[in-house]
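Participant: This is the structure I want to talk about, given as structure tokens.
We did not get these values from a lab; they are worked out from the coordinates using the rules stated. The model shown is predicted, which means the values in this text are computed figures rather than measured ones. So basically every Cβ, Gly included, is an ideal-geometry build from the backbone, and we count neighbours across all protein chains shown.
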Protein chains: 2
Amino acid sequence: MTRIDIPEGSLFGLANLPYGVFSTPGTAPRVGVRVADSVVDLAATLGDDVFAQPSLNAFMAQGRLRWEEVRRQVTELVSGDLPDDAVHPVSGVTLHLPVEVADYVDFYASEHHAANLGRLFRPNAEPLMPNWKHLPVGYHGRAGTVVVSGTDIVRPCGQRKAPDEAAPTFGESKRLDIEAELGFIVGTGSPLGSTVPADEFADRVFGAVLVNDWSARDIQSWEYVPLGPNLGKSFATSISPWVVPILALEAARVPLPGQDPEPLPYLRESESWGLDIDLAVEWNGEVVSRPPYRTMYWSPAQMLAHMTVNGAASRTGDLYASGTISGPEKHQRGAFIELTWGGKEPITVKGEERTFLQDGDEVAITATAPAAGGGRLGFGEVRGRILPATGTER
Amino acid sequence: MTRIDIPEGSLFGLANLPYGVFSTPGTAPRVGVRVADSVVDLAATLGDDVFAQPSLNAFMAQGRLRWEEVRRQVTELVSGDLPDDAVHPVSGVTLHLPVEVADYVDFYASEHHAANLGRLFRPNAEPLMPNWKHLPVGYHGRAGTVVVSGTDIVRPCGQRKAPDEAAPTFGESKRLDIEAELGFIVGTGSPLGSTVPADEFADRVFGAVLVNDWSARDIQSWEYVPLGPNLGKSFATSISPWVVPILALEAARVPLPGQDPEPLPYLRESESWGLDIDLAVEWNGEVVSRPPYRTMYWSPAQMLAHMTVNGAASRTGDLYASGTISGPEKHQRGAFIELTWGGKEPITVKGEERTFLQDGDEVAITATAPAAGGGRLGFGEVRGRILPATGTER
């Protein structure tokens with residue numbers, strides 16, 4: 001038998017217990033929980049088929065009471081002796097996409113990010129659009145290109161047209177960027193024609209992950225009028241492999257920074273709350289930004305209420321993300337287009353001047369939050385490396 | 001044994017043979033093929049498990065050679081005697097959503113539609129955006145709210161703000177509209193980091209359906225800047241239950257109306273082609289429009305090539321639609337906002353003046369195309385009825 005030693009200060013202590021999907025050589029992907037630097041095989045220990053599956057969807061669909069029950073079981077389980085073959089070092093397993101993504105919606109919930117992009121893209125107009133403070137603006141992204149951390153990102157090709165060019169050209173993106181975001185995963189869906197009130201958030205949303213919504217700014221700026229981003233974003237969206245349960249984030253709840261004007265009733269919560277999560281963006285190993293999630297304008301529950309207020313169904317595995325997290329300070333911006341002000345103000349990364357991503361660059365986004373009982377919990381990381389474009393001759 | 005009688009002029013003769021998913025009372029949904037007014041049970045006759053499933057996805061994933069083989073088998077099968085219990089009158093079966101939709105992308109490929117909407121929404125500017133003739137503009141819609149014909153549509157609620165109002169209000173959509181479209185269903189996907197050349201269309205795309213992309217224009221016009229349509233569209237998208245094989249549409253191929261400027265190389269085909277499909281839009285039983293698919297600017301193959309040129313993966317079950325089909329004439333417009341010019345020029349439907357949809361209204365879109373060997377084939381219909389909004393008090 002094995003007992004997991006949880007070092008003082010571990011970001012994966014008993015107050016966290018995130019779920020993921022892992023495999024070891026020669027075995028099928030199945031559900032595990034991370035404790036310190038170990039992965040505990042839930043299929044082998046809890047004896048429930050929902051954990052012997054290659055995604056969390058079946059477990060998530062069982063609903064909040066079951067999430068609470070399993071969390072209690074897992075807490076007890078990992079505090080005691082475990083069969084040797086049910087515990088694996090995290091360094092020895094392969095981590096897979098933890099959920100089968102149903103629909104993917106990306107919001108735009110950071111006032112600082114939206115205002116920065118407004119200033120960059122529309123320098124002679126109000127930074128925020130008239131609708132921005134009335135509703136969480138968002139759009140649907142490509143669910144089929146959500147990939148797990150560690151997946152290499154091939155530089156996309158596409159059409160770009162600079163303002164001074166007469167016609168668009170085809171080629172590789174020269175302005176490849178990141179967006180550091182937080183994503184929420186729906187556990188229990190809602191049927192077509194019904195709505196999800198903001199106060200039902202905790203009954204519906206299973207957990208949270210880190211998201212890097214890779215963005216080709218040159219492709220995006222040419223294509224996005226009037227129907228929004230498409231090819232500039234659809235080539236890849238990376239998420240972290242560990243889904244931190246919403247149940248683990250109670251201690252991270254903080255008041256929102258404040259909403260003015262007061263939102264319409266369907267966007268009000270009994271007690272409105274944000275999350276005190278500190279992100280860090282590493283570019284080739286150097287931290288270049290520390291976006292603070294607590295500065296987000298729209299709350300996680302408001303985004304869910306908005307997404308369903310028209311009667312749209314939600315499903316187990318729906319992923320909705322916050323949009324880029326940018327704080328008020330320059331070193332808190334969650335996208336390189338903001339950090340380098342459209343590429344005009346390079347930053348120094350490992351001694352080199354950089355604006356957008358170069359081939360071979362690697363970006364890792366990490367995050368921590370206050371945990372119940374003191375200390376902090378971790379989200380792990382979402383990491384990706386840029387590979388050279390293929391097929392530029394077309 | 002039963003032999004199916006195919007009347008002269010049937011839109012569901014041997015040149016069509018569309019696939020769908022059906023059930024009879026007390027039985028599970030499975031794959032069938034429509035012949036005249038009958039549905040032939042393929043699970044019962046072809047003895048292959050891929051047809052004993054509640055969607056076409058497993059069959060579609062087998063690829064083009066298999067689609068051709070099964071089409072030959074089915075042609076022979078339905079021309080001979082069939083077991084009595086393998087043939088059902090179409091009026092006696094329930095038709096289900098034929099595919100498990102992976103990602104849903106909606107394009108904007110009709111020049112007349114895009115120009116009309118440009119004139120309506122931006123009266124003092126060029127009708128077409130600068131990018132429109134360079135790339136098929138499109139966006140991702142909500143896959144989880146694609147529903148089969150016959151599903152009632154609950155009038156959506158949401159935020160709307162008229163230009164003369166100081167602040168948005170919440171309530172039911174007052175400008176509920178349709179969009180008559182053609183949709184293409186991907187059979188065999190392509191991996192992340194690869195592209196699908198336009199000439200691979202027939203290897204990748206399994207079939208076509210009719211699409212009604214219900215649109216709440218008041219919600220859409222307030223929300224859509226800068227990230228595109230979201231809640232104004234995501235409440236429901238209806239598709240017809242019969243998937244017409246691309247193999248059945250060879251005789252419907254026509255040249256495109258012409259593209260100027262010449263598109264970039266990745267959008268060129270060895271032989272560019274559109275489809276000569278005649279749609280009809282019935283509003284409460286009266287035909288109010290006859291949109292001609294042959295007038296579409298961008299071809300089905302170009303849309304697929306564009307969607308994947310950035311390396312985005314495609315998957316079995318991906319649905320991409322053409323966007324509203326509008327011809328040059330007023331009676332060829334595929335959306336009521338165009339037919340009634342933003343609601344300012346009502347049309348007469350069954351003796352009543354109408355602009356946008358009222359509760360209880362029913363819309364059916366039908367289509368036919370030339371069939372191999374002469375005659376025509378049918379797409380069946382996509383139909384939906386508007387139910388009153390619920391939850392307007394929020």
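Participant: When you go through (1) buried (at least 24 other Cβ atoms within 10 Å of the Cβ); (2) in a helix (DSSP H, G or I) one by one for B:Ala251, which number turns out not to apply?
Facilitator: In the conditions (1) buried (at least 24 other Cβ atoms within 10 Å of the Cβ); (2) in a helix (DSSP H, G or I), B:Ala251 misses (1) alone.
Participant: It is to be established whether one or more residues within region B:106-115 are under 30 Å from A:Pro197 (Cα atoms), facing chain A (nearest Cβ under 10 Å) and crowded, with 19+ Cβ neighbours inside 10 Å.
Facilitator: Taking region B:106-115 and keeping what is under 30 Å from A:Pro197 (Cα atoms), we get B:106.
Right, trim to facing chain A (nearest Cβ under 10 Å) and you get B:106.
Still in the list and also crowded, with 19+ Cβ neighbours inside 10 Å: B:106.
The answer is yes; a qualifying residue exists.
Participant: Here's another thing I want to ask about it. In region A:1-23, what residues are surrounded by fewer than 18 Cβ atoms within 10 Å (Cβ to Cβ) and within 25 Å of the chain's Cα centre (by Cα)?
Facilitator: A:Gly9, A:Ser23, listed by residue number.
Participant: If you check A:Gly373, A:Gly323, which single one turns out to be outside any helix (DSSP H, G or I) and within 19 Å of the chain's Cα centre (by Cα)? Write out each step before concluding.
Facilitator: Details: A:Gly373 fails: within 19 Å of the chain's Cα centre (by Cα).
Just a single option satisfies the conditions, and that option is A:Gly323.
Participant: Kindly list the number of the only condition in (1) under 15 Å from the mean Cα position of the chain (by Cα); (2) of a type outside the set (Val, Ile, Thr); (3) surrounded by fewer than 24 Cβ atoms within 10 Å (Cβ to Cβ) that fails for B:Ala313.
Facilitator: Among (1) under 15 Å from the mean Cα position of the chain (by Cα); (2) of a type outside the set (Val, Ile, Thr); (3) surrounded by fewer than 24 Cβ atoms within 10 Å (Cβ to Cβ), the lone unmet condition for B:Ala313 is (1).
Participant: How many residues, within region B:352-394, are within 28 Å of B:Pro245 (Cβ to Cβ) and in contact (Cβ under 8 Å) with a residue 24 or more places away in the chain?
Facilitator: From region B:352-394, those within 28 Å of B:Pro245 (Cβ to Cβ) are B:363-384; that's our starting set.
Applying the additional criterion that residues be in contact (Cβ under 8 Å) with a residue 24 or more places away in the chain yields B:363-373, B:375-384.
The qualifying residues number 21.
Participant: Here's something else I'd like to know. Within region B:221-235, does at least one residue satisfy the condition of being more than 28 Å from B:Glu271 (Cβ to Cβ), of a type in the set (D, E, K, R) and more than 15 Å from the chain's Cα centre (by Cα)? Steps first, please.
Facilitator: At the first step, the residues of region B:221-235 found to be more than 28 Å from B:Glu271 (Cβ to Cβ) are B:221-235.
Subsequent filtering for residues that are of a type in the set (D, E, K, R) retains B:223, B:233.
Narrowing the set further to residues that are more than 15 Å from the chain's Cα centre (by Cα) leaves B:223.
Yes, there is a match, as at least one residue in region B:221-235 is more than 28 Å from B:Glu271 (Cβ to Cβ), of a type in the set (D, E, K, R) and more than 15 Å from the chain's Cα centre (by Cα).
Participant: Which of the residues belonging to region B:138-183 are aliphatic (A, V, I, L, M) and either out of contact with any helix residue (DSSP H, G or I) (no Cβ under 7 Å at 6 or more places or on another chain) or outside any loop (DSSP other than H, G, I, E, B) (or both)?
Facilitator: Of all residues in region B:138-183, those aliphatic (A, V, I, L, M) come to B:143, B:146-148, B:153-154, B:162, B:166-167, B:176, B:178, B:180, B:182.
Correct list: B:Ala143, B:Val146, B:Val147, B:Val148, B:Ile153, B:Val154, B:Ala162, B:Ala166, B:Ala167, B:Leu176, B:Ala180, B:Leu182.
Participant: OK, next. Among the residues of region B:216-238, are any within 14 Å of chain A (Cβ to nearest Cβ), assigned to a strand (DSSP E or B) and out of contact with any Phe, Trp or Tyr (no Cβ under 8 Å at 6 or more places or on another chain)?
Facilitator: Filtering region B:216-238 down to residues within 14 Å of chain A (Cβ to nearest Cβ) leaves B:216-238.
Going one step further and asking which of them are assigned to a strand (DSSP E or B), we end up with B:216, B:237-238.
Filter once more, so that each one left must be out of contact with any Phe, Trp or Tyr (no Cβ under 8 Å at 6 or more places or on another chain): none.
No, because not a single residue in region B:216-238 is within 14 Å of chain A (Cβ to nearest Cβ), assigned to a strand (DSSP E or B) and out of contact with any Phe, Trp or Tyr (no Cβ under 8 Å at 6 or more places or on another chain).
Participant: Okay, next question. Looking for whichever is among the polar types (S, T, N, Q) and touching a Leu at 6+ places or on another chain (Cβ under 6 Å) here; the options are A:Ser326, A:Ser322, A:Ser314. Which one fits? Reasoning before the result, please.
Facilitator: On the way: A:Ser326 fails: touching a Leu at 6+ places or on another chain (Cβ under 6 Å); A:Ser314 fails: touching a Leu at 6+ places or on another chain (Cβ under 6 Å).
None of the other options fit; the residue is A:Ser322.
Participant: What pairs can you find where one residue is in region B:264-284 and within 14 Å of chain A (Cβ to nearest Cβ), the other is part of a helix (DSSP H, G or I) and hydrophobic (A, V, I, L, M, F, W, C), and their Cβ atoms are less than 7 Å apart, with a gap of 6+ or different chains?
Facilitator: Qualifying pairs under 7 Å: B:Tyr266/B:Ala305; B:Leu267/B:Ala198; B:Leu267/B:Ala305; B:Arg268/B:Ala198; B:Glu269/B:Ala198; B:Glu269/B:Ala301.
Participant: Can you find a residue in region B:218-233 that is free of Cβ contacts under 8 Å to residues at least 40 places away in the same chain and aliphatic (A, V, I, L, M)? Walk me through how you get there before you give the answer.
Facilitator: Restricting attention to region B:218-233, the residues satisfying the condition of being free of Cβ contacts under 8 Å to residues at least 40 places away in the same chain are B:220, B:224-227, B:230.
Applying the additional criterion that residues be aliphatic (A, V, I, L, M) yields B:225, B:227.
Checked region B:218-233: at least one residue is free of Cβ contacts under 8 Å to residues at least 40 places away in the same chain and aliphatic (A, V, I, L, M).
Participant: Here is a further query. Can you name the residue in region B:89-105 that is within 9 Å of chain A (Cβ to nearest Cβ) and touching a strand residue (DSSP E or B) at 6+ places or on another chain (Cβ under 6 Å) and, of all such residues, is surrounded by the most Cβ atoms within 10 Å (Cβ to Cβ)? It would help to see each step written out before you state the result.
Facilitator: Just the residues of region B:89-105 that are within 9 Å of chain A (Cβ to nearest Cβ), to begin with: B:102-105.
The next check asks that each one be touching a strand residue (DSSP E or B) at 6+ places or on another chain (Cβ under 6 Å); those that pass are B:104-105.
Numbers: B:Tyr104: 28, B:Val105: 26.
Top of the filtered list is B:Tyr104.
Participant: With the requirement that a residue be surrounded by fewer than 24 Cβ atoms within 10 Å (Cβ to Cβ), assigned to a loop (DSSP other than H, G, I, E, B) and not polar (S, T, N, Q), what does region B:326-350 give you?
Facilitator: Residues satisfying the conditions are B:Gly327, B:Pro328, B:Glu329, B:Trp341, B:Gly342, B:Gly343, B:Lys344, B:Glu345, B:Pro346, B:Lys350.
Participant: Report whether or not B:Thr75 is surrounded by fewer than 20 Cβ atoms within 10 Å (Cβ to Cβ), within 11 Å of chain A (Cβ to nearest Cβ) and closer than 30 Å to B:Gly26 by Cα. Walk me through how you get there before you give the answer.
Facilitator: Values: surrounded by fewer than 20 Cβ atoms within 10 Å (Cβ to Cβ): yes; within 11 Å of chain A (Cβ to nearest Cβ): no; closer than 30 Å to B:Gly26 by Cα: yes.
Considered against the rule, which asks whether it is surrounded by fewer than 20 Cβ atoms within 10 Å (Cβ to Cβ), within 11 Å of chain A (Cβ to nearest Cβ) and closer than 30 Å to B:Gly26 by Cα, B:Thr75 comes out as no.
Results for (1) acidic (Asp, Glu); (2) out of contact with any Phe, Trp or Tyr (no Cβ under 9 Å at 6 or more places or on another chain), shown as yes or no for each residue.
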position	(1), (2)
B:Val78	no, yes
B:Asp81	yes, yes
B:Val87	no, yes
B:Glu100	yes, yes
B:Gly118	no, no
B:Asn131	no, no
B:Thr145	no, no
B:Pro163	no, yes
B:Ala180	no, yes
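Participant: Across region B:148-172, what is the number of residues that are touching a Leu at 6+ places or on another chain (Cβ under 8 Å) and at the interface with chain A (Cβ under 7 Å from one of its Cβ atoms)?
Facilitator: 6
Participant: While we're on this one: Inspect region A:130-153 for any residue being of a type outside the set (A, V, I, L, M, F, W, C), surrounded by fewer than 21 Cβ atoms within 10 Å (Cβ to Cβ), in contact (Cβ under 8 Å) with a residue 60 or more places away in the chain and on the phi > 0 side of the Ramachandran plot and give the result as yes or no.
Facilitator: Checked region A:130-153: at least one residue is of a type outside the set (A, V, I, L, M, F, W, C), surrounded by fewer than 21 Cβ atoms within 10 Å (Cβ to Cβ), in contact (Cβ under 8 Å) with a residue 60 or more places away in the chain and on the phi > 0 side of the Ramachandran plot.
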